[in-house]
Amino acid sequence: MKLILNGNINVYYVQTLCMIFFPGEKFGAAEEASADAPTLTLTLTESDEGLTAAAEVTLREKQAFAEKFYAFSDTVTRDKTAKLACGAAVISACGELMGYRPAWGMLTGVRPSKVATELLQEGLSKTRVKKILTSEYFVIPKKAALATDVAINEQKLIGNGSTKDCSVYVAIPFCPTRCSYCSFVSYTSPKLLALIPDYLTHLIEDLEKMFAKIKELGLHVKTLYIGGGTPTILTADQLRVLLGKIASLTDVFALEEYTLEAGRPDTITQEKFSVAKEYGVTRICVNPQSLCDEVLQSIGRAHTADDFLRAFEMARESGIPYINTDLIVGLPGDNFQSFSQTFDKILSLHPENITVHTFCVKKAAEILRQGSNVYSLRGGDAGKCVDYTQLRAQQEGYLPYYMYRQKNTVGNFENVGFSLPGAEGRYNIYMMEEVHSIFAVGAGAVSKMVDYRPENGGKPIIERLFYPKYPYEYLKDESTEEKISAMEEFYRRHRLI
Ligand SMILES: C[S@@+](CC[C@H](N)C(=O)[O-])C[C@H]1O[C@@H](n2cnc3c(N)ncnc32)[C@H](O)[C@@H]1O
Ligand code: SF4
């Protein structure tokens, strides 16, 4: 796609907006774009009163134009005014050209409920927040209502935290086989899976150091999350070693929540769940993604719907109180009929949490390499499926309690976590809302050190610490001492302890 920008304009933001209308387009040098590539000319001009953005977009013989003026105000920064003006002009021009109104309007970020949260914190009513989202951000009414509901539910759960609160994430980036749609870093070949014992040894050493520092600084671990990959790829004995070690390092029975992302039903056994229960796990994820065997087969998930149902039953029998199930809307080969049957079946099982993701086409995913044309502007049946989940979940007593978006999702739709009241996945909220630090250990793990104080306007100050991406590199990594010093330094510098 060809972009011609005149004025002080955030290029990345404009590219992200364009990708809503022209998914898959690349943004190289203007002269390199092919003759039939879309072209956007965006001009931002300033007067004493405010900013005017004029957008002209052409695609072959079609053309559309929009101009938007945003006045300066004492409460909105210049950058934000520019973003609003550019966003409104691009959305209006591209929308007219393509005959399409994107559900989330000009909200392109990971957290579409963020604007709603900020407006609610300013004291605006729910009705007023929804109105602003629709009129100023071009969000369609049902998504404005969803964002506002999520913001309200999240804020209730965050409550009054302490600067000493933190959570811990433990990464197990190994899976029995690779699903074709997935681009998470995870080792799957037998040669790489053979690294698991050494990986666990290294992980445990790092956990010992991390928990020792947490204790020394007087921090309070609220939630713990063991994620993947597929943590239940570990044998029951390996799981016992890992969970037993964690239980010796922190009081797991005092945690607000302890999640084990079991994930793939084909790795689940009764014995692994009883180990999890014995060592204090309170929440497990058992993920079908779809309950249609043809879809499961087409995405290379090495299990059937029946395998999921058996694993779910084991999860219930284990006595672990909270079960989450992950689903994906818009998978290749799925349609409204098969997805709605999947969703109804999941509802009939009454899991405490249901997380509905929208299929995200990532560059690394094999599905793209296979040349499958899964990109489509309106996302085929995906919008109908997403609406169905939101309607049916609420009819069955579930609340949407957390939400995030990824780039390149089918139809640009969102990922929503639903929960029965009182059973919300707390780690997800803490991680998304950045209200306290998350200390992450293992390959690909990213710690977020957070200074969040509502009295400072609620805007967190965040610093990140990265472990190497691949387990093979992690095995040679010796950065933990350095990381825990950085942690301590952050806490002292921000006077959090
Ligand atoms: C980190 S993955 C790991 C979960 C576990 N290994 C499994 O596959 O069941 C967490 C969730 O992200 C979602 N996910 C993974 N790849 C996705 C994609 N390409 N598009 C949308 N959701 C995806 C799936 O619902 C998955 O359960
Ligand atoms: S099991 Fe989960 S993490 Fe592993 S390849 Fe499949 S989707 Fe990705």
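The values are calculated or read from the model by the stated rules, or taken from the named source; none is laboratory data. Being a predicted model, the structure only gives us computed values, none of them experimental. Here the Cβ positions follow ideal geometry from the backbone for every residue, glycine too, while neighbour counts run over all protein chains shown. For the accessible areas, the whole protein counts, side chains as well, though only heavy atoms, and no ligand, DNA or RNA atoms are used. Shrake-Rupley method; radii C 1.70, N 1.55, O 1.52, S 1.80 Å.
Can you list the strands (runs of 3 or more DSSP E) lying wholly within region 18-125 that have 3 or more residues being of a type in the set (Ser, Thr, Tyr) and surrounded by fewer than 21 Cβ atoms within 10 Å (Cβ to Cβ)?
39-46
Being under 15 Å from Ser92 (Cβ atoms) and among the hydroxyl-bearing types (Ser, Thr, Tyr) is the filter here; which residues of region 36-57 pass it? Within region 36-57, Thr41, Thr43, Thr52 qualify.
Can Glu414 be described as modelled with pLDDT of 90 or more, under 23 Å from Gln15 (Cα atoms) and either crowded, with 20+ Cβ neighbours inside 10 Å or away from ligand 1 (no atom under 14 Å from the Cβ) (or both)? Before the answer, list the steps.
Details: modelled with pLDDT of 90 or more: yes; under 23 Å from Gln15 (Cα atoms): yes; either crowded, with 20+ Cβ neighbours inside 10 Å or away from ligand 1 (no atom under 14 Å from the Cβ) (or both): yes.
Yes.
Collect the residues in region 269-303 that are open to solvent by 40 Å² or more (accessible area, probe 1.4 Å) and within 24 Å of Phe253 (Cβ to Cβ), keeping them in residue-number order. Once the filter is applied, which keeps residues that are open to solvent by 40 Å² or more (accessible area, probe 1.4 Å) and within 24 Å of Phe253 (Cβ to Cβ), region 269-303 yields Thr269, Gln270, Glu271, Ser274, Lys277, Glu278, Tyr279.
Here Ala171 fulfils each of the conditions (1) open to solvent by less than 10 Å² (accessible area, probe 1.4 Å); (2) more than 30 Å from Ile299 (Cβ to Cβ) apart from (2).
In summary, Gln238 fulfils each of the numbered conditions (1) over 26 Å from the mean Cα position of the chain (by Cα); (2) open to solvent by 50 Å² or more (accessible area, probe 1.4 Å) with the single exception of condition (2).
Pairing each residue of region 281-297 that is assigned by TED's automatic domain parsing to the domain that holds Thr267 and assigned to a loop (DSSP other than H, G, I, E, B) with any residue that is within 15 Å of ligand 1 (Cβ to nearest atom) and hydroxyl-bearing (Ser, Thr, Tyr), provided the two are 6+ apart or on different chains, yields C-beta distances under 8 Å for Val281/Thr259; Thr282/Thr259; Asn287/Thr325; Pro288/Thr325; Pro288/Thr342; Ser290/Thr342; Leu291/Thr342; Cys292/Thr342. The residues on offer are Leu3, Leu119, Leu97, and the sole one that is in contact with a helix residue (DSSP H, G or I) (Cβ under 6 Å, 6 or more places away or on another chain) and at pLDDT 90 or above is Leu119. The set of residues from region 269-298 being within 15 Å of ligand 2 (Cβ to nearest atom) and under 17 Å from Leu224 (Cβ atoms) comprises Ile284, Cys285.
Among residues of region 205-230 that are over 20 Å from Gly244 (Cβ atoms), those with a Cβ under 6 angstrom from a residue that is of a type in the set (Gly, Ala, Ser) and open to solvent by 10 Å² or more (accessible area, probe 1.4 Å), sequence gap 6+ or separate chain, pair up as Gly229/Ser186.
Applying the set (1) out of contact with any helix residue (DSSP H, G or I) (no Cβ under 8 Å at 6 or more places or on another chain); (2) within 16 Å of ligand 1 (Cβ to nearest atom); (3) of a type in the set (Ser, Thr, Tyr) to Thr282 leaves exactly one unmet item: (2).
Among the residues of region 439-448, those that are buried (at least 23 other Cβ atoms within 10 Å of the Cβ) and either away from ligand 2 (no atom under 16 Å from the Cβ) or among the hydroxyl-bearing types (Ser, Thr, Tyr) (or both) comprise Phe439, Ala440, Val441, Ser447.
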